[in-house]
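Heads up: the structure comes next, in structure tokens.
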Amino acid sequence: MLSRRLLVAAIAALALAGCGKGGSKGAAGGDMTLGKPDAKVKVVEYASASCSHCARFNNTVFPAFKAQYIDTGKVHYTLKEFLTPPEEVAAAGFLVARCAGKDKYFTVLDAIYRQQQEMFQSGDFRGGLLRIAESVGLTEPQFNACLNDEAAMKALNDRFTRAVQEDKVTGTPTFFFNGKQVAEGEVTEAQLDQAFAEASK
């Protein structure tokens, strides 16, 4: 599905987790964002397109959080891409979302999360991702070109490496509110409400 050489480079970044200095945990070049950039509360989520916990958060908690905080201008939300097993599936999902364009990125990622279980059960990741790509206007040749774009894969690998080396993230989803880690793994709406209240003081 993807260049094995680039994928190995991405996975190798995990071995470097002890290196580097702590990052700002804010939006960096290439990160996808939602909401008002000058909102008082900055929320960063490290997520993987192949992570079942991330899918559950997206499907059950994020819609209400987005409506209450992001859409109202109270939160500026940044998604930082992370690769979890199977890494090639996570990478392919992010590449397709980016190929769809910034305006459709979160739409594609949402569709991936909502169809993730079905893709894992069937094992047909390529078919599932292709259907999602076609639903937002990409042709199959564009989809194939997207998955074989070495420059885009290198950029994804670089973002992943920063997450591991600089921000010390080891799993997904991981959440930071104004630079402070508040949750990792399964997270509830109540936890996020509390984190927002503390960050907005």
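In segment 134-153, the condition of being within 30 Å of PRO37 (Cα to Cα), surrounded by 14 or more Cβ atoms within 10 Å (Cβ to Cβ) and touching a residue at least 60 places away in the same chain (Cβ under 8 Å) is met by at least one residue. Is it the case that segment 123-135 has a residue that's farther than 17 Å from SER50 by Cα and either touching a helix residue (DSSP H, G or I) at 6+ places or on another chain (Cβ under 8 Å) or not hydroxyl-bearing (Ser, Thr, Tyr) (or both)? Within segment 123-135, one or more residues are farther than 17 Å from SER50 by Cα and either touching a helix residue (DSSP H, G or I) at 6+ places or on another chain (Cβ under 8 Å) or not hydroxyl-bearing (Ser, Thr, Tyr) (or both).
Those helices (runs of 4 or more DSSP H) of segment 32-103 in which 1 or more residues are closer than 20 Å to ARG159 by Cα and among the aliphatic types (A, V, I, L, M) occupy 87-99. Scanning segment 73-83 for residues that are over 22 Å from ASP193 (Cβ atoms), crowded, with 20+ Cβ neighbours inside 10 Å and in contact with a Ser or Thr (Cβ under 7 Å, 6 or more places away or on another chain) turns up at least one hit. Would you be able to tell me the number of residues in segment 71-122 that are among the β-branched types (Val, Ile, Thr) and under 15 Å from ALA55 (Cα atoms)? Looking only at that region, the number is 5. Note on segment 166-183: residues that are surrounded by 16 or more Cβ atoms within 10 Å (Cβ to Cβ) and modelled with pLDDT of 90 or more total 10. Of the residues making up segment 105-119, those that are closer than 23 Å to LEU79 by Cα and of a type outside the set (A, V, I, L, M) are TYR105, PHE106, THR107, ASP110, TYR113, ARG114, GLN115, GLN116, GLN117. Within segment 76-100, residues that are without any contact (Cβ under 8 Å) to a residue 40 or more places away in the chain reach partners that are in a loop (DSSP other than H, G, I, E, B) and not small (Gly, Ala, Ser) with beta carbons closer than 7 Å, at six or more positions or on different chains, in the pairs ALA100/VAL136; ALA100/LEU138.
The values are calculated or read from the model by the stated rules, or taken from the named source; none is laboratory data. Treat the numbers as computed from the prediction; the structure is a model and nothing was measured. Note that each Cβ is placed from the backbone with ideal geometry, even for glycine, and that neighbours are counted across all protein chains shown.
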